[in-house]
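Below is one structure, written out as structure tokens, with a few remarks after it.
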Amino acid sequence: MSTTLVPPRAEPQPGVANAPIAPLPATAPIAFHRAALDEGDVAAVTAVLRSGWLTTGPRAQEFEKALAAAMGRRHALLLNSATSALFLAYKAAGVGPGDDVLVPAITFMATAEVAIHLGARPVVVDVDPATLLMDVGDLQKKLTRRARLVAPVHYAGHPCAMAPLRELAAAERLAIVEDAAHCLTGREGARQPGEGTLGAALSFYATKELAVGEGGALVSDDDGVIERARRWSLHGISKPAHARMQIGARAHYDVEDVGYKMNLPDVLAALGLSQLPRMEAQRERREAIARRYDAALAGLPGVTPLAVRPGFTSARHLYVVRIDAAAAGIERDALAAALGAQGIGTSIHFLPIHEMTVLKTLYGTRAADCPVASRAGREVLSLPIYPGLSDGDVDRIAAAVRAIVAERAP
Ligand SMILES: Cc1ncc(COP(=O)(O)O)c(C=O)c1O
């Protein structure tokens with residue numbers, strides 16, 4: 001995932017007691033993202049460093065239990081990325097050579113690439129224009145006899161409506177694996193990712209809700225899926241290192257299957273675990289930021305935020321606006337550049353995957369396969385949204401967008 005990097009804002013310097021803290025200049029750069037870490041997180045990591053046990057061990061076990069409880073699932077398997085979680089979940093669903101895996105066009109390539117690694121073909125499905133979530137009508141049209149699995153992506157934190165997907169999956173005997181990389185705190189009604197499906201992949205990448213740098217998890221209610229995925233995630237070994245290396249424990253192990261190396265070390269598990277209690281409060285802060293943007297950008301020609309459907313709670317991982325160049329008088333990329341010139345970082349989520357060289361070359365995908373996504377790919381712009389942004393920052397970003405568009409709109 002690309003992140004526009006601008007220098008971090010200068011922190012207020014600790015000074016003489018009662019000395020006024022100079023306000024940040026209105027031109028101070030606003031990074032597209034900064035992880036919302038605190039001293040408790042630093043202490044949690046240093047405690048692991050001091051403990052002498054660095055790799056997967058007691059902190060990972062603790063984080064798995066707490067994460068499963070927070071997600072309302074029976075199990076959470078910590079992994080080194082959401083990509084690994086998707087791979088192992090597809091593999092657990094039996095995806096293999098000759099199969100098709102249906103994925104939306106607006107996603108990160110990870111959702112599709114793991115199907116290719118398993119010998120399957122990703123089939124790219126168009127999206128709904130208002131939410132950019134997978135369009136079930138187009139999914140139906142693109143189903144083949146080879147279809148084995150569908151991977152709805154809860155893009156930007158907005159959960160996909162699962163009832164129509166589950167109905168279709170039951171009728172067509174498809175497995176469902178949810179890509180919830182953006183959606184730890186998003187819900188459909190009370191439903192959380194992974195309920196009633198094979199499982200959901202979560203990401204702990206640097207910009208995500210729980211940011212550990214690189215990491216992820218597979219959450220599931222299926223004991224068998226998690227048991228197999230756990231074994232594959234660590235070389236197919238019957239007993240993990242922390243079970244073998246306890247003093248007095250029997251050090252023997254067997255390798256029962258061909259596995260991979262996808263475990264999450266305790267250094268990173270501790271960082272995720274210490275952020276977990278703040279996850280809901282941070283979603284609420286992002287919700288407030290999103291509503292502030294909505295209000296500040298309302299009525300601006302050619303600038304349309306993504307819709308959040310009634311009955312859904314978005315994790316608000318991203319705040320995406322669509323820039324209709326004809327109405328706004330400016331192309332998305334020119335707007336991003338103009339914001340960058342004012343020290344405001346932005347990003348793009350996503351350039352549609354069916355237009356990527358790898359899928360065009362391997363499977364002959366064309367822009368016309370997913371016209372809604374192709375248009376969205378030219379229009380989407382992600383504005384900063386993270387708990388460390390002040391209301392003043394949000395106002396400044398929205399005012400900058402307004403001013404740039406007002407100058408150019410026809
Ligand atoms: C929708 C989506 N799925 C999957 C991934 C892969 O996550 P990870 O980097 O943890 O492998 C990302 C990463 O940004 C993503 O945005």
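For the chain, modelled as a Gaussian network with Cα springs under 10 Å, which listed residue fluctuates most, Ser390, Ser81, Ser374?
Comparing Ser390, Ser81, Ser374 in the GNM, the peak value goes to Ser390.
Find the Rg to Rh ratio for region 308-347, where Rh is the Kirkwood radius over alpha-carbon pairs and Rg uses the same atoms. Don't jump to the answer; show the numbers that get you there.
Numbers: Rg = 13.3 Å, Rh = 12.1 Å.
Here the Rg-to-Rh quotient is 1.11.
If you stretched the chain out fully between Asp294 and Ala241, how much longer would it get, using 0.36 nm times the residue separation minus the C-alpha to C-alpha distance? Intermediate values should be presented prior to the final figure.
Values: separation 53, 0.36 × 53 = 19.08 nm, distance 4.95 nm.
Once the chain is fully extended between Asp294 and Ala241, it gains 14.1 nm.
In whole angstrom, how long is each semi-axis of the equivalent ellipsoid of region 188-266, when you take the square root of 5 times every eigenvalue of its Cα gyration tensor and sort them from largest down? Please list the in-between numbers first.
Working: eigenvalues 151, 57, 25 Å².
One finds semi-axes of 27, 17, 11 Å for region 188-266.
Kindly write out, for region 394-401 in residue order, the coupling ³J(HN,Hα) from the Karplus curve 6.51 cos²θ - 1.76 cosθ + 1.60 (θ = phi - 60°), rounded to whole Hz, with x marking Gly and Pro.
These are the phi-based 3J(HN,Hα) values: 4, 4, 5, 5, 5, 5, 5, 4 Hz.
To check my understanding: the extent here is largest minus smallest coordinate of the Cα atoms along each principal axis. What are those three numbers for region 57-117, in Å, largest first?
Largest first, region 57-117 extends 39, 24, 20 Å along its Cα principal axes.
Would you work out if the chain is rounded, prolate or oblate? Take a ≥ b ≥ c from the square roots of the eigenvalues of the alpha-carbon gyration tensor; rounded if a/c is under 1.5, else prolate when a/b is larger than b/c, oblate otherwise.
Values: a/c = 2.14, a/b = 1.17, b/c = 1.82.
Oblate.
How big is region 279-408 in terms of Cα radius of gyration and Dmax, in angstroms?
According to the Cα coordinates of region 279-408, Rg and Dmax are 15.8, 47 Å.
In region 255-299, whose amide N lies under 14 Å from the spot 7 Å out along Cα-to-Cβ of Ala43? List them in ranges.
Only 274-275 fall inside the zone, counting backbone N under 14 Å.
Once the mean 1/r over all distinct Cα pairs of region 39-278 is inverted, what Kirkwood radius in angstroms do you read off? Don't skip to the answer; put the middle values down first.
Working: mean 1/r = 0.0549 Å⁻¹.
So the Kirkwood estimate lands at 18.2 Å.
Sequence gap at least 6, Cα distance under 8 Å: using those rules, report the relative contact order of the chain to the nearest whole percent. Walk me through the numbers before you get to the answer.
Numbers: 870 pairs, mean separation 88.3, N = 410.
Relative contact order of the chain: 22 percent.
What is the extension gain from Tyr260 to Ala307, computed as 0.36 nm multiplied by their sequence separation minus the C-alpha to C-alpha distance, in nm to one decimal?
Taking Tyr260 through Ala307 to full extension adds about 13.0 nm, to one decimal.
Using the Cβ atoms and a cut-off under 9 Å, what net charge is assigned to the surroundings of Arg74, where Lys and Arg are +1 and Asp and Glu are -1? Could the numbers behind the result be given before it?
Details: positive: Arg73; negative: Asp221, Asp222, Asp223.
Summing Lys/Arg as +1 and Asp/Glu as -1 gives -2.
If you only keep lysine pairs separated by 8 or more in sequence, or across chains, how many in the chain come under 21 Å at the Cα atoms?
Final tally of qualifying lysine pairs is 7.
What is the sum of charges, Lys and Arg at +1 and Asp and Glu at -1, for the other residues whose Cβ falls under 15 Å from the Cβ of His354? Present the calculation step by step, with values, prior to reporting the outcome.
Working: positive: Arg121, Lys141, Lys142, Lys360, Arg366, Arg375, Arg378; negative: Asp100, Glu113, Asp126, Asp135, Asp138, Glu355, Asp369.
It works out to a net charge of 0.
Report P(r) for region 127-254: all Cα-Cα distances, bin width 5 Å, range 0 to the bin holding the largest distance, values in whole percent.
2, 10, 16, 18, 17, 14, 9, 6, 4, 3, 1, 0
Which residue fluctuates the most in the chain, going by a Gaussian network model with Cα springs under 10 Å, if the choices are Val308, Val124, Val212?
Checking each option, the largest mean-square fluctuation is seen for Val308.
What are the equivalent ellipsoid semi-axes of region 243-351, built from the alpha-carbon gyration tensor (square roots of five times its eigenvalues), in whole angstrom, biggest first? Write down the numbers at each step before the final one.
On the way: eigenvalues 415, 68, 41 Å².
The three semi-axes for region 243-351 are 46, 18, 14 Å.
Could you work out how far apart the two model spin labels at Arg366 and Thr55 are, taking each label as a point 7 Å from the Cα in the direction of the beta carbon, and quote it in nm?
Going from the Arg366 label point to the Thr55 one covers 5.0 nm.
Hey, in the GNM for the chain with a 10 angstrom Cα cutoff, which one of Pro122, Pro387, Pro277 fluctuates hardest?
Pro277
Each reported figure results from applying straightforward, stated rules to the coordinates on display, with no laboratory input. Remember, predicted model here, so these are calculated numbers, not experimental data. Every residue, glycine as well, gets a Cβ built from its backbone with ideal geometry; the counts of neighbours run over all protein chains shown.
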